[in-house]
1. I'd like to check something: does region B:188-196 contain any residue that is within 23 Å of residue B:282 (Cα to Cα), touching a helix residue (DSSP H, G or I) at 6+ places or on another chain (Cβ under 8 Å) and more than 10 Å from every other protein chain (Cβ to nearest Cβ)?
2. Give region A:81-94 a look and list any residue that's surrounded by 14 or more Cβ atoms within 10 Å (Cβ to Cβ) and farther than 14 Å from residue A:275 by Cβ, or say none.
3. Take region B:131-174 and flag every residue that is at the interface with chain A (Cβ under 7 Å from one of its Cβ atoms) and surrounded by fewer than 20 Cβ atoms within 10 Å (Cβ to Cβ).
4. Checking residue A:71 against (1) within 14 Å of another protein chain (Cβ to nearest Cβ); (2) in contact with a strand residue (DSSP E or B) (Cβ under 7 Å, 6 or more places away or on another chain), only one condition comes out false. Which one?
5. Quick one: residue B:233 ticks every box in (1) away from chain A (no Cβ under 12 Å); (2) closer than 20 Å to residue A:242 by Cα; (3) surrounded by fewer than 19 Cβ atoms within 10 Å (Cβ to Cβ) bar one, so which box is it?
6. Please verify whether residue A:131 is part of a helix (DSSP H, G or I) and closer than 23 Å to residue B:37 by Cβ, treating the condition exactly as stated.
7. Report whether or not residue B:204 is over 30 Å from residue A:29 (Cα atoms), buried (at least 16 other Cβ atoms within 10 Å of the Cβ) and more than 18 Å from the chain's Cα centre (by Cα).
8. What single numbered condition from (1) within 11 Å of chain A (Cβ to nearest Cβ); (2) in contact with a strand residue (DSSP E or B) (Cβ under 9 Å, 6 or more places away or on another chain) fails to hold for residue B:225?
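The values are calculated or read from the model by the stated rules, or taken from the named source; none is laboratory data. Keep in mind that what you see is a predicted model, and the values were worked out from it rather than measured. Cβ atoms come from the backbone with ideal geometry, glycine included; neighbour counts cover every protein chain shown.
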């Protein structure tokens, strides 16, 4: 694995220089087949991504209820979005959730992966079981868990929809259940790539189990740890289905704005759901704000992804 | 002698430690499966008992046999089997379209490598970091105006929005295939189309499986895109249907809903158990690259 990542950039360069000369034989007939090969995907890509994306950027500077009656108003939407208390609340709620789930999911997934690579009996069955929830869709998961939580909480005369902390921890439990198996698979791949010789050498040098874990195993699975951390982080920020299905933002709170107007804060609403509710909530006049929120959200998620790309590239150079 | 004993002792204690680990993990695994078991149990209970006795096994009073399953298929304003049908159609058509068009496009991009190809490629990579909320409103409007809002045409939207990851993964793989094989085919008189289908496509098989699994998992479970794009009165998918039942909280038969959830999980679990090896491989590949 490591050797591959090291050598691919060099190889690629060589090939590109090469392909210009030697593929002339194929290039011309291939170019003639452009409508068959590239065009279908390209047209769909324009319809499904490029055009909606560009229009989305434009509309974030407009006042509109549908795409046809847009009126340019400058950065007013962005100011409104950043001043919206529900958006600010959703941001901090999402950030808190992201940190808690990041720590819990990665620690537990690493623990499972570590034990499952110690040659214990039944490893394959355990792996199968732990990974299974990952395939069930977010909406169905939300329904299942809300039934379970309500089954427990109704004995104490309450419900997951009544308190913010129940909604928060409920979501954390749900996401742990779903994602631990996924991260475990990545950790197992990382752990299996460590050579036995290195661990054995540490053993002979007198390192105990704990020292071997901290000084040999963990530094060597650092690439997997980075991948998993960023995956859980982006998953947390993009979370929508599970949030909608488990609590849908309940319980609600009203708060008084500085200018005297009332605003409703859905206390368990995360960023993606907040954007959705701004678009398709009661008033269609706030769609401009919604689009501005979506652009801010996009910049946030894109920044995290770019940081991930950079950090993984740096690692490759170091190795 | 004593050293020998020591080694034996250590070995047996190690074995015992591993045995106890297995037992602990067996218990954890059982607990891990409990949520699914609870749904299964509740799908055999009468409506009112689902809420009051969530964690009890069905008894003589609450047990209704397969009634919930029979009722579940048709109850409510919208028959569930239609949702299953549309979800299957959308998933299969979209996955097929993505695999075919994106692998073709990726081959063209990797081999022709013109400026235009590079622009398309980097746009695809860029599209991978854009969250759906960014384009959801405009995408729904665009698909409405172009009449792409039926289960038979929504695959075009999936192809457009899902192209990024597929093109990225296919291009990466095509670049690792030696060019000489295709050149040999060209010298032997193969046109680009025949070269592609007879030579390139068979070599792409492992990546086709990985990408196919990632797309199937995404589209089968996707909620928001079909919810916004499809004509909601006419067409529902399984996630839309489940969320719709949840929205009418308490007003619908909970026992029957549990039966529907079991119905929607079964195909996923069967799919998982039959191609587990490929799924785990595909997921790991997608994670490392995406």
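1. No, region B:188-196 contains no residue that is within 23 Å of residue B:282 (Cα to Cα), touching a helix residue (DSSP H, G or I) at 6+ places or on another chain (Cβ under 8 Å) and more than 10 Å from every other protein chain (Cβ to nearest Cβ).
2. Initially, region A:81-94 is screened for residues surrounded by 14 or more Cβ atoms within 10 Å (Cβ to Cβ), giving A:81-82, A:84-91, A:93-94.
Hit for region A:81-94 is A:85, nothing else.
3. Once the filter is applied, which keeps residues that are at the interface with chain A (Cβ under 7 Å from one of its Cβ atoms) and surrounded by fewer than 20 Cβ atoms within 10 Å (Cβ to Cβ), region B:131-174 yields B:141, B:146.
4. The single condition residue A:71 does not satisfy is (1).
5. Result: residue B:233 fails condition (2) only.
6. Working: part of a helix (DSSP H, G or I): yes; closer than 23 Å to residue B:37 by Cβ: yes.
Judged against the criteria, residue A:131 is a match.
7. On the way: over 30 Å from residue A:29 (Cα atoms): no; buried (at least 16 other Cβ atoms within 10 Å of the Cβ): yes; more than 18 Å from the chain's Cα centre (by Cα): yes.
No.
8. Among (1) within 11 Å of chain A (Cβ to nearest Cβ); (2) in contact with a strand residue (DSSP E or B) (Cβ under 9 Å, 6 or more places away or on another chain), residue B:225 violates only (2).
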